[in-house]
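Could you have a look at this structure, given as structure tokens, before my questions?
The values are calculated or read from the model by the stated rules, or taken from the named source; none is laboratory data. Every value quoted in this text rests on a predicted model; they were computed, and no experiment measured them. Using ideal geometry, Cβ is built from the backbone for each residue, glycine included, and neighbour counts are taken over all protein chains shown.
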Amino acid sequence: MVYGFIGVMVLAPLIRAHLGGPGLSVLAASVILGVMILPTVISISVDAILAVPRSYREGSLALGATTWQTVRMVTVPAARSGIIASVILAMGRAVGETMAVIMVAGNAVRIPHSALDSVRTLTANIALEMGYATGMHRQALFATGVVLFLMIMALNTAAGAAIRRRRERR
């Protein structure tokens, strides 16, 4: 809610003044979602990097690698699964985020043709219309929920496959 308020009061006027359009747009929603998921990615990635045994770094440095080479060739690859997990969790959070997106996306029920157009996300559509939906309309909203569920499942399946492929290469 706070992110949405900041988006409406600060980001949307900046976009409107400098790039045009209504300001409440796909671009505003993307920036707000990026800011919202960044702490999740950073905190889990930092934990994964700190979980890499110190002996890995010390061994790399002892063999003559620079600090940057150690980070790039030893630390990050050893923490890769945790970093991937952080991105997956953050993407799941972004897909499910509703309130901030409702506030900054503009809520136009149409297909956007540019990043400056207003849009309504699937989660926002469910949240806004479920209160008065009956019959086929309600069934369509539940079908929308199933689509979101399938998207999350596909994301998790792809991530699992990527992790399995990396393990098989080793």
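For residues that are of a type in the set (A, V, I, L, M, F, W, C) and in contact with a strand residue (DSSP E or B) (Cβ under 6 Å, 6 or more places away or on another chain), tally how many sit in the range 109-146.
Count: 0.
Out of all the residues in the range 123-144, which are under 23 Å from the mean Cα position of the chain (by Cα) and either part of a loop (DSSP other than H, G, I, E, B) or closer than 30 Å to Ser81 by Cβ (or both)?
Thr123
Of the residues Arg54, Arg93, Arg110, which is surrounded by fewer than 16 Cβ atoms within 10 Å (Cβ to Cβ) and farther than 30 Å from Val10 by Cβ?
Going through Arg54, Arg93, Arg110 in turn, the sole match is Arg54.
Let me ask something additional. Check Gly4, Gly20 and return the single one that is at pLDDT below 90, of a type outside the set (A, V, I, L, M, F, W, C) and in a helix (DSSP H, G or I).
From the options Gly4, Gly20, the qualifying one is Gly4.
Can you tell me which residues in the range 115-151 are under 12 Å from Ser25 (Cα atoms) and in contact (Cβ under 8 Å) with a residue 24 or more places away in the chain? Steps first, answer last, please.
Of the range 115-151, the ones under 12 Å from Ser25 (Cα atoms) are 115-121.
Once the filter is applied, which keeps residues that are under 12 Å from Ser25 (Cα atoms) and in contact (Cβ under 8 Å) with a residue 24 or more places away in the chain, the range 115-151 yields Ala115, Leu116, Asp117, Ser118, Val119, Thr121.
Can you tell me how many residues within the range 95-122 are closer than 21 Å to Val2 by Cα, of a type outside the set (A, V, I, L, M) and either assigned to a loop (DSSP other than H, G, I, E, B) or modelled with pLDDT of 90 or more (or both)?
6
Can you tell me which residues in the range 57-90 are surrounded by 13 or more Cβ atoms within 10 Å (Cβ to Cβ) and of a type in the set (Gly, Ala, Ser)?
Of everything in the range 57-90, those that are surrounded by 13 or more Cβ atoms within 10 Å (Cβ to Cβ) and of a type in the set (Gly, Ala, Ser) turn out to be Gly59, Ser60, Ala65, Ala78, Ala79, Ser81, Gly82, Ala85, Ser86, Ala90.
Continuing with this model, one more query. Scan the range 156-169 and tell me whether some residue there is part of a helix (DSSP H, G or I), at pLDDT below 85 and in contact with a Gly (Cβ under 9 Å, 6 or more places away or on another chain).
Yes; the residues of the range 156-169 include at least one that is part of a helix (DSSP H, G or I), at pLDDT below 85 and in contact with a Gly (Cβ under 9 Å, 6 or more places away or on another chain).
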